[in-house]
Every structure is written in C-alpha cells, then in structure tokens.
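Worksheet: the structure to be examined is printed underneath.
Derivation of every value follows stated rules applied to the coordinates shown; laboratory data play no part. Just so it is clear, the structure is predicted and the values come from calculations on it, not from any experiment. Note that each Cβ is placed from the backbone with ideal geometry, even for glycine, and that neighbours are counted across all protein chains shown.
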Amino acid sequence: MALTRSPKTSARGVVQDFRAQAQRRRRLQKEIGEGVAFIPTAHEQLRNADTHYPFRFNSHFWYLTGFPEPESVLVLTGGKSPRSILFCRQKNMEREIWDGYRYGPKAAQQVFGFTETYPIEALDELAPSLIAGQPKLLYPIGADSSFDTRMMNWLNIVRGKVRSGISAPSEFSDIRGLIDEMRLIKDRSEIRTMRRSAHIAAQAHIRAMMATKPGMFEYEIEAELLHEFRRHGAQSPAYPSIVAGGANGCILHYIENSAPLADQSLLLIDAGCEVDGYASDITRTFPVNGTFTPAQRDCYEIVLAAQLAAIKAVKPGALFTSYHDAAVKVLVQGLIDLKILKGPFARVIESGEYKRFYMHRTGHWLGLDVHDVGSYSLNGKARRLAPGNVLTVEPGLYIRPDRAIPRAFWNIGIRIEDDVLVTETGRDVLTSDAPKEIDDIESLMSE
Ligand SMILES: [Mn+2]
C-alpha cells in the first residue's frame, strides 16, 4: 500500500539517493554568496473540467532537490551560514488515500537532506524574515506572475520595517542564470540517467522499424514507441512524438500521427522519452516497405554523411556553431551533386539558398528540458564546447513538390538525430544503439 512504503524508496522500488542534488545546492549557494534565493516548482495544470495534466515538476527545482511533489518551494541562503529550506505539503491521510503518498516536512528533511523544512502554508509568514537583512534577492523573475506578486508583497513587508533597523535587499537577480550555467555541464549522476533515457529511446526506434509495414497508420507506430518507453520505466515521452509518413515528413513539427503509411514512402520518427526528468531526443528515417528507392537512398546518404561530419566536429574547445557549419557544407555539396541546387558551392552557402531544403539548426542542448537551458553564445560569440555538455546532432533535408525538381525527390523528408555527450577527448554518441546505416536499417526491417 502506497501509504506505508519507505520514503527512501521510489514508486519503482528503487532506493533513492539525493547526494548529487545536495551537492548542487552547495555549489549554487557559493555562487549566490550573501543573499537569498527562492525556487518554486511547477503548478498543477487543469486539462479540462476537474482533470489535471500529469504533474511535471519545474526542471530547476528538480535539479536542486529531486523532490517530486507540487506546491513546493526551495529557499537557499548563501554566505557564512548557508541554509537550504524546503516548503512542502503536510502529511494528509485523507488526501493520501485519494492521490498517493506525501513526504511531509519531516521525512522530506531526512530523505533529501535539507537543513530545514516547513509546511507550504508557512511560506507567507516566514518569507519576509528570510528576506530581511539579505543584500541580494534571487528568484525566477517574471516566470510566474502569481509568484512575482507574492514576492513583491514579502519584499514590501520587509521594506516597511526599515525604520526598525531591518534592511531590505537592494540587488535583484534572476536565479535561472546561475542554474542554467550549472546545468550545461552534466554531472555523473545526470550522465548515468541520460544514458538510460537514450538507451530506452533507441530500443523504441528499433521496435518501430521492425513493426512498420505499408498500410499501417502512423498512430500504430506511435503506440509501439510509447509501449517501449513505458515498459522500460520511462515516465513519459520527452515531447509529443513525431511519426510522419511521406509528405508529412516535410512538416517539421507534425504530431497528428493520423495518416496511413504508403508503400515506397519514407517514415520520419522524431521521438524520445523522459527518465527521472531527463530527455532523450532521437530521429530516424526509414522506408515504410523496408527498402530505400534510388532517390531516397541518394538523399539519405547525403544527410547521413552530413550527420557523421557534424558529430566529428563535436569536441571540447570547438565553437557551438562549428558542427552546424560542418553539416551545411555536406548538405549543400550533396544538393549540388544531385542537381537540386545549382553551384557554385560558395554562392549557395553565401546566399542561404539551401534553407529551402534545410531550414533549421543542427542541434540544441539536451538535459532536463528537451531544448535544454544554457546560452549558445557568450559576449556575442559562440560558446565553446566543454566536457559534460550534451547536445543533439540532427541535420535533415526536406524536399517539397516543385516542378523544377525531378518527381522522384518530391515529399522526401529526412532527418537523422543523435544525442551526443562531449567528453575530455572527443564525444560519446549516447543513442548509437538505434541503427542509421542503410544496410543496417534494411537488414533489420527484412527480419
Ligand atoms: Mn532535437
């Protein structure tokens, strides 16, 4: 029964360890210095009538706590006597019978290692005293207008006491900036979870390839993905799965997944799962009937060569933009070779003409958010990659019907996407279990 399980054991029966989160809090407290930071989790969101969407914690809050319940706020103070304080829901037998286990402040303090915990109802009363005397106040400014309003009320209560010798903060800063910077470099515990997320998603793509036959519907393949995610313990997809047959593959964010799969067409699947908060993000494109047509093969080989060149450009010290540039060069040369674009090469690059067929960037940071936090540039210049960065590498080609282009190329939409960890010496492709070489795909699909 849910009410009696040990608070240290997760719903999956795994004994949980929150030392990594405690260590992140200590690092952030050092960054904060003299000051106080408030980091609330997400709100529960209504779906319709009285039904909620499944609760998903705020990623920053989760990164620093691992605490899964709504109605929780983390407060950190830095300086000489740092405090880490959690405000959370109280135990409530009645609600726990209906909705499930709640830690309550006492168990939360013991399991998660906070210095203090209080019921969430005490926040309005205690917040002004936590703010008083601090020179600096940090919180996610503007992220949630109801929290902004509460924060200003607490601040004004402190300001109202200035004549009695209490000082109010004069410096205000968005706490997200400091946490974003930390989240860019994944620690060992994060890398372990991201490998698991990547591995499960790769298995799902293999299963989709094996299940696909002409005449099936896109949603049938989506169901295979979802079943594979869930049966390995992923809590949910990391984002709505894109299962796009034929022309739908040229719609970048196609999520209807309602069309039948035609013989001789391609199927583009962009799908990843979320494991303990961490996203994987894989795209594979393969022929519905298991064999590439010559035109599909020509285009696929270009995208694959572009992706391999881009992956090679991912290494510590390289500019973030360099792997995109590497992919574009291969794609442009390929399109010129196929006579879909007219050279010279330098002019096509310069004019950006290729953007008709390749209109997005080659990747993004990956982590707790599928498009993870962290800036891509510093002082107006592209950031340099560092060990611990995780990013996606996902070039593509999308050819819509156009009388200037041979009909065999129409409605070919191809993207190949892997998740890549930057290491001390180069890179580690976390999603390499999902086949992408033509021979490997065709032989898997002929089984
Ligand atoms: Mn992606």
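For the reader, a short list of remarks on this structure follows.
- Efficiency of FRET from Cβ geometry, LYS91 and MET152, R₀ 45 Å, rounded to 0.05: 0.90
- Taking other Cβ atoms within 10 Å as a rough exposure proxy, MET359, MET93 sort from fewest to most as MET93, MET359.
- Extent along principal axes [Cα atoms of segment 2-182; Å; largest to smallest]: 51, 38, 29
- Student exercise, segment 188-445 dipole from Lys, Arg, Asp, Glu Cβ charges, in Debye to nearest 20: 780 debye
- Cβ crowding within 10 Å ranks PHE55, PHE147, PHE114 as PHE55, PHE147, PHE114, fewest other Cβ atoms first.
- Where only C-alpha atoms are counted, convex hull volume of segment 228-342 per residue in Å³: 143 Å³
- Annotation: aspartates and glutamates with alpha-carbon distance below 16 angstrom to LYS91 (same-chain offsets under eight excluded): GLU69, GLU71, ASP99, GLU121.
- Here segment 188-445 is treated as an ellipsoid with the same Cα gyration tensor; its semi-axes, largest first and in whole Å, are 27, 25, 14.
- Listed residue (ILE32, ALA295, ILE242) projecting farthest to the positive dipole end of the chain, Cβ model: ILE32
- Label-to-label distance, nm, for residues given as VAL429 and LYS213 (7 Å Cα→Cβ offset): 3.0 nm
- Neighbour-count ranking [beta-carbon atoms within 10 angstrom, fewest first] of HIS205, HIS253: HIS253, HIS205
- About its Cα centre, the dipole of the chain is roughly 1340 debye, where the only charges are +1 on Lys and Arg Cβ and -1 on Asp and Glu Cβ.
- Just so you know, the averaged projected area of the alpha carbon convex hull for segment 95-227 sits at 13.9 nm².
- Stokes-Einstein D (µm²/s) once Rh is taken as the Kirkwood radius of the chain over alpha-carbon pairs, at 4 °C in 1.567 mPa s: 54 µm²/s
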